[in-house]
2 protein chains.
Amino acid sequence: MLSTTGDPLPSWNEGSAKQAIFTYIARVTRAGSPDFLPPPERIAVFDNDGTLWPEHPLPFQAAFAIDELQVCIARQPKLVEDPMVQAALAGDLARLLEGPGYAGLMQLLALTHAGTSVDAFRSRVEEWLVTARHPRFGRPYDALTYLPMQELLRYLQAHHFKNFIVSGGGVDFMRVWVERVYGIPPEQVVGSTARTIFELGAAGPVLTKTMDYLFVNDKGGKPVGIHQFIGRRPTLCCGNSDGDHEMLQYTTINNPRPSFGLIVHHTDAEREYAYAARSTSTGKLVEALAAAPSRGWCVVDMKQDWNTIFATESLMADPVPPPDHQSERKV
Amino acid sequence: MLSTTGDPLPSWNEGSAKQAIFTYIARVTRAGSPDFLPPPERIAVFDNDGTLWPEHPLPFQAAFAIDELQVCIARQPKLVEDPMVQAALAGDLARLLEGPGYAGLMQLLALTHAGTSVDAFRSRVEEWLVTARHPRFGRPYDALTYLPMQELLRYLQAHHFKNFIVSGGGVDFMRVWVERVYGIPPEQVVGSTARTIFELGAAGPVLTKTMDYLFVNDKGGKPVGIHQFIGRRPTLCCGNSDGDHEMLQYTTINNPRPSFGLIVHHTDAEREYAYAARSTSTGKLVEALAAAPSRGWCVVDMKQDWNTIFATESLMADPVPPPDHQSERKV
């Protein structure tokens, strides 16, 4: 349950991670503090997959694309002969990411994400969120956000931070639901993008999705995306994988403003997943995690630091959100 | 002078343009109005050159690039032999825009805007704004914003509109000064962009400007840029040229939400410029202006509708801004 008085982070257990968050926020928001940050400089960036919601057994957008692929196959049955389509249907992400330029993944995205109007794409994502269920938890994907991170988003908002999602996922996929689910408006989403084409048709303006000028907002692309979309250096950054390493560096290394880096470490196989110190895509050690102690980044141990994992667990315990929480999310 | 009580648009003369603005705002913000817009949907987009400040004798960023070119020539004197460099030095914008892909302009931008860190570029823009003077008005370029449009920006802000600049100019050029000059934060600027390169050097993270993956945020590119950066359809759009025609269409044609389009028509050769119904780059009739009556777009006649043109005129008449204006701009 989201607390509106007292502890703003009730689903965080007492410990060094929770304390580090409180210490940083007090340092930069208390009037008269030598490290006071003017509100416009309070820019917080959050990775999404694995940081605000799970990324297993597949990133949720990949699950969407595979479900959409079934629709494409129903229309063009010959597609099943394609080895990359077979890899996608088998959920073989490693195969899709093989080779230069992630050829398989690009083919999957081209089939399922391009050639459609942005309005039609939005409707498909909305429909999918209503009907699809996570294979392990049996709930809609957007009911699986992490309650502790939802509390952190709101705690920062209350301290005049502007929260941005900075994800490798596609902006058109995320913008459909981020406002409803995180209280983050679509214009505060940085993600992977490709150009649309504008046409004025008989029924009005149409923007059609393409795969042209694809920008992959991951790894070194994240600081590039932050600069392109936000144009200010963040002061707070939360991530969980090597895809977030460069944005953690960009936020915290030699930043003239006081900054804070946080890594969500997946240590809880029972309640969520444990993939510890290994990167999901390469199998190598997660460099960001290895660098955390020397960089002063706060490492969150999910098993130890979080007493509740999913936001829906609290909603089930208390199905009617308190009225002020409601209004906060709607504004 | 910016009024804080009474008429929110004092530099607008009474007339149909001013009335149309008041009518639209009342319609979409009055509680209980059938056309009420929830605040998150109040997205206003503004062209910059020719809409918020002049674009003559050259767009101001072109004036900056030409001044920077002189610095390049001092370092590499052979550059003066290049015909495009000569065209730039002569202020021959038409020549720079000739041929496919604006080859001359791209060369000028590559010389003066690429290969530099974003921090160094920012410093050069800041310095230029302090030292450079407009050839006709003899003032710093950023002292030449239109007071009536500044009033409109603030009037919309007071009614919970989120104002975005959507300009053909470069985001890195505009973000340096938009917050100070318009009260618009850098993350609310959509413009032409190219990708930067991220590196972690010995002195910390560095983002270096390139000309790669150039996106020209003009004409049909404006709705594309709006979708990519904002991800919502605007409900209010102000422009002045054919570069803004598509974004006016995107904002107002078959928009399920009540919308408003406005065109600034340059009719005042004495106080500013008159270039009436002709496009500056092609010499053709401005299609957006021709379409205005049938589309219901409000056309502002600068000579007739504005009693003051430049924001500095009011500052000169009253050099100390009222304290609440000051604080409004700083937040």
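Brief remarks on what is shown
- Being more than 10 Å from chain A (Cβ to nearest Cβ), closer than 20 Å to B:Ile230 by Cα and either crowded, with 22+ Cβ neighbours inside 10 Å or out of contact with any Leu (no Cβ under 9 Å at 6 or more places or on another chain) (or both) is a property that does not hold for B:Gly183.
- Filtering B:Gly191, B:Gly170, B:Gly231 for residues that are at the interface with another protein chain (Cβ under 9 Å from one of its Cβ atoms) and either in contact with a His (Cβ under 7 Å, 6 or more places away or on another chain) or at pLDDT 95 or above (or both) leaves a single hit, B:Gly231.
- Yes/no for B:Glu199 being in contact with a helix residue (DSSP H, G or I) (Cβ under 9 Å, 6 or more places away or on another chain) and not polar (S, T, N, Q): no
- Taken together, the residues in segment B:28-59 that are within 14 Å of chain A (Cβ to nearest Cβ) and among the aliphatic types (A, V, I, L, M) amount to 4.
- Flag if A:Tyr213 is among the aromatic types (Phe, Trp, Tyr) and at the interface with another protein chain (Cβ under 10 Å from one of its Cβ atoms): yes
- Some residue of segment B:315-329 being part of a loop (DSSP other than H, G, I, E, B) and at pLDDT 95 or above: no
- Qualifying residue in segment B:122-145 (condition: within 11 Å of chain A (Cβ to nearest Cβ) and among the aromatic types (Phe, Trp, Tyr)): no
- Every condition in (1) more than 9 Å from every other protein chain (Cβ to nearest Cβ); (2) more than 17 Å from A:Gly231 (Cα to Cα); (3) modelled with pLDDT of 95 or more is met by B:Leu200 except one, and the failing one is (1).
- Scanning segment A:216-227 for residues that are more than 7 Å from every other protein chain (Cβ to nearest Cβ) and not aliphatic (A, V, I, L, M) gives A:Asn217, A:Asp218, A:Lys219, A:Gly221, A:Lys222, A:Gly225.
- Residue that is farthest from the other protein chains (Cβ to nearest Cβ) [pool: residues in segment A:260-277 that are surrounded by fewer than 16 Cβ atoms within 10 Å (Cβ to Cβ) and out of contact with any Asp or Glu (no Cβ under 9 Å at 6 or more places or on another chain)]: A:Glu270
- Against the numbered list (1) over 20 Å from A:Gln157 (Cα atoms); (2) touching a helix residue (DSSP H, G or I) at 6+ places or on another chain (Cβ under 6 Å); (3) touching a residue at least 60 places away in the same chain (Cβ under 8 Å), A:Gly243 comes up short only at (2).
- Failed criterion for A:Leu289 (all others in (1) in a helix (DSSP H, G or I); (2) at pLDDT 95 or above; (3) under 19 Å from the mean Cα position of the chain (by Cα) hold): (2)
- Breaking point among (1) within 12 Å of chain B (Cβ to nearest Cβ); (2) buried (at least 21 other Cβ atoms within 10 Å of the Cβ); (3) touching a Pro at 6+ places or on another chain (Cβ under 9 Å), for A:His160: (2)
- Residue selected from segment B:236-259 under the condition closer than 15 Å to B:Arg42 by Cβ and under 18 Å from the mean Cα position of the chain (by Cα), by the criterion farthest from the other protein chains (Cβ to nearest Cβ): B:Cys238
The values are calculated or read from the model by the stated rules, or taken from the named source; none is laboratory data. Treat the numbers as computed from the prediction; the structure is a model and nothing was measured. Please note: Cβ atoms are built from the backbone with ideal geometry, for glycine as well, and neighbour counts cover all protein chains shown.
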